[in-house]
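Every number here is computed from the coordinates shown, using simple stated rules; none is lab data. In this text, all values refer to a predicted model and were calculated from it rather than measured experimentally. As a convention, Cβ positions derive from the backbone with ideal geometry for all residues, glycine included, and neighbour counts pool all protein chains shown.
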There are 2 protein chains.
Amino acid sequence: MAKHLLLVSTSTTHGTGYLDHCAGPIQDLLGGRRQVLFVPYALFDLDAYTAKARERFARMGYELTSVHEAADPVAAVAAAEALFIGGGNTFRLLARLYEKGLLAPIRTRVAAGMPYVGTSAGSNVACVTIRTTNDMPIVQPPSFDALQLVPFNLNPHYLDPDPGSTHMGETREERLLQFLEENDKIVVGLREGSMLRVGDESIELLGAPGARIFQRGQAPREVRPGDALDFLLRGPA
Amino acid sequence: MAKHLLLVSTSTTHGTGYLDHCAGPIQDLLGGRRQVLFVPYALFDLDAYTAKARERFARMGYELTSVHEAADPVAAVAAAEALFIGGGNTFRLLARLYEKGLLAPIRTRVAAGMPYVGTSAGSNVACVTIRTTNDMPIVQPPSFDALQLVPFNLNPHYLDPDPGSTHMGETREERLLQFLEENDKIVVGLREGSMLRVGDESIELLGAPGARIFQRGQAPREVRPGDALDFLLRGPA
């Protein structure tokens, strides 16, 4: 079975509702499946988060249950038709995935063809590590190593430098160049409104804002929907 | 001997030169001492960073040497008259402090009265943990626990929400409220241009922009230079 991933930069774009901008790609990815397992661990209030996701997926025609409601989360993943990991704090999310022993079960199911939808933190944890998250390290996971469903890293909510800014903190681009000083991994800076559809041998960028590619020894460069992105599946040369 | 700390939000404020806005407070803190030991580990190019700091401290009348130039970094800390830890990436800085075995030696010297100046990441690592850094987790330190020279956490480069923003990533305040969901520690959101002067029994806020205090179960609140901040030295009630 082939891999089916949809990695979305943000759950909500400015001026639209929750998951509105990616509802079509989510439905394309899920195909005829009707049940979705939700992973709400990136936020603190798991019940409220689940209610929000459940209502939105119901409007798309899916029944959503949350892994935090399952007596046996590992069994819930093993039985899932499709998985949706929502955004919030990436450190908290990854720490809970380790705590519940869910990394290996998710990898196994994705390898077997289960569709995986991630938004923001849920897209970060699909990658090699969470070393390119924007989030504050509010909890300490046992490792920054993530699900490694793809051989690259993502920076969700990618933000271009503001030429009028008087703020002296590092720009996003400066932070990602610091990442490359320490890590020889490609990073996709995924602007809000953009997403990646990833299969075993194929990868496609969706959404008008495009993305910016960061790779050691190369100047950052723009990619647009339709551009060939297969190099991302091969990793650094 | 009493503790002598100066914890600065940013090394450079908009429109001024490196350390210009905090040169006076640094000289006040250092008193008659003439030698400063520099810790450049937050940046990648240690020699270039040291040259920049050396030139700036020379203009203030101090001779600066870097811990990375010392054959024995632990011995260099033990012999230091004063310490300056510069900004950059907080994860990289803390990882190197662990790697070089410098946390305990620095704590010992600070407890014995050695003045400590931190800017940005150098202020983060003086606190309980680095869980309120803004930086990208580009390397994984063995622990987020930091020097614990003070019983609170700092958020350097504290930035107020921009009401005109269309960006959907969390605001700084939202990130710090997420920190409080997981940690019962007070956080000082230190705006650029602000700094804290900390002694054993005293703490003073310097700089016009002020700071914002985040504490579990309380609404975030503003503090200004001159306000009583002794509650920070006692920790959460």
Under 18 Å by backbone N from the virtual spin label 7 Å along Cα-to-Cβ at B:Asp184, the residues of segment B:141-175 are B:151-153
When the charge dipole of segment B:167-215 is computed with +1 on Lys and Arg Cβ and -1 on Asp and Glu Cβ about the Cα centre, the Cα farthest towards its positive end, among B:Val187, B:Ile203, B:His167, belongs to B:His167
Cα-based Rg and Dmax for segment B:98-187, in Å, come out at 14.9, 49
Quick calc, segment A:83-195, dipole around Cα centre from Cβ unit charges on Lys, Arg (+) and Asp, Glu (-), nearest 20 debye, gives 640
Heads up, segment A:149-237 by the C-alpha gyration tensor (a ≥ b ≥ c square roots of eigenvalues; a/c under 1.5 rounded, else a/b over b/c prolate, else oblate) looks oblate
D (µm²/s, integer) via Stokes-Einstein for chain A, Kirkwood Rh across alpha-carbon pairs, 4 °C, 1.567 mPa s: value 72
Computed on Cα atoms, Rg of the protein assembly as shown relative to 2.2 N^0.38 Å comes out at 1.02
Quick calc, the protein assembly as shown, dipole around Cα centre from Cβ unit charges on Lys, Arg (+) and Asp, Glu (-), nearest 20 debye, gives 320
Quick calc of log₁₀ I(q)/I(0), segment B:1-83, Debye, one scatterer on every Cα, no solvent, q values 0.13, 0.27 1/Å, result -0.42, -1.56
Applied in sequence order to segment A:169-180, the curve 6.51 cos²θ - 1.76 cosθ + 1.60 (Karplus, θ = phi - 60°) yields integer Hz couplings, x standing for Gly and Pro, of x, 4, 6, 4, 4, 4, 5, 6, 5, 5, 4, 5
Quick calc: nm separation of the 7 Å Cα→Cβ label points for B:Phe231 and A:His14 -> 3.6
Given unit charges at Cβ for Lys, Arg (+) and Asp, Glu (-), the dipole magnitude of chain A about its Cα centre in debye, nearest 20, is 340
Relative contact order as a percentage, chain A, C-alpha pairs under 8 Å and 6+ apart, gives 21
Nearest-0.05 FRET efficiency for B:Ser143 and B:Ala78 at R0 = 30 Å, using Cβ-Cβ distance, is 0.85
Any aspartates and glutamates whose Cα falls less than 17 Å from that of A:Lys52, other than same-chain ones fewer than 8 residues away, would be A:Asp20, A:Glu63, A:Glu69
Once the in-chain neighbours fewer than 8 apart are removed, the aspartates and glutamates whose Cα is under 16 Å from B:Lys185 read B:Asp145, B:Glu173, B:Glu174, B:Asp230
Most fluctuating of B:Ser194, B:Ser11, B:Ser143 in the GNM of chain B (C-alpha, under 10 Å) is B:Ser143
Which of B:Val187, B:Val74, B:Val128 fluctuates most in a GNM of chain B (C-alpha springs under 10 Å)? That residue is B:Val74
For the protein assembly as shown, whose charge dipole is built from +1 on Lys and Arg Cβ atoms and -1 on Asp and Glu Cβ atoms, the candidate among B:Pro141, A:Pro40, A:Ser11 with its Cα farthest towards the positive end is B:Pro141
Asserting the computed 222 nm helical MRE of the protein assembly as shown (DSSP H runs at least 4 long, -39500 (n - 2.57) per run, divided by residue count, to nearest 500) equals -7500 deg cm²/dmol
